[in-house]
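Q: Below is one structure. I have some questions about it.
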Amino acid sequence: MVVSKIEKLEQQKKQLEARIQAAKSREKQNKRKLETRLKILVGSHYLNQHRKEGSIQQLHNDLDIYLQKDTDKQVLSLLREEIAQTVNPQKDGPRQ
């Protein structure tokens, strides 16, 4: 069977479209990764800032209002533990 020039060009077009779509997908995935990394860095900055300023309770209150999902709010238990330790510091053991 002889493939006509048009059929050959159509096949090349489909292959090229698939390559373009794959490149767009990779670009979009990389952008999402960078955005996630940015969120981590910004969150880390604000967490450290609140720790330095002694305003972890305020950060907890703000996040409790901002966060909507129960699974996200469960993460706040880490801040609650930190707040509890700040209010009632644990002793390292008996002092002599």
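Q: What's the angle, to the nearest 10 degrees (0 to 90), between helix 5-53's Cα axis and the longest principal axis of the chain?
A: 10
Q: Scaled to the compact-protein estimate 2.2 N^0.38 Å, what is the alpha-carbon radius of gyration of the chain, rounded to two decimal places?
A: 2.14
Q: Average the reciprocal distances over every distinct pair of alpha-carbons in region 1-53, invert the result, and give the Kirkwood radius in Å.
A: Kirkwood hydrodynamic radius for region 1-53: 14.8 Å.
Q: Let me ask you something else. Which residue fluctuates most in the GNM of the chain (Cα springs below 10 Å): Arg37, Arg26, Arg80?
A: Of the options given, Arg26 has the highest mean-square fluctuation.
Q: Still on this structure, please answer the following. In the chain, with Lys and Arg counted as +1 and Asp and Glu as -1 at Cβ, which of these residues, Ser77, His45, Ile6, has the Cα nearest the positive end of the dipole, that is, farthest along it?
A: Checked the options; the winner is Ile6.
Q: Now for a separate question. Give me the distance in nm between label points sitting 7 Å out from Cα along the Cα-to-Cβ direction at Leu41 and Asp64, one decimal.
A: In this crude label model, Leu41 to Asp64 measures out at 3.2 nm.
Q: A further question follows. About the Cα centre of the chain, how large is the charge dipole given +1 on each Lys and Arg Cβ and -1 on each Asp and Glu Cβ? Please answer in debye to the nearest 20.
A: In debye, rounded to 20, the chain gives about 680.
Every number in this text was worked out from the coordinates using simple rules, so none of it is lab data. Just so it is clear, the model here is predicted, and its values are computed rather than measured. Don't worry about glycine lacking a Cβ; one is built from the backbone with ideal geometry, like all the others, and counts go over all protein chains shown.
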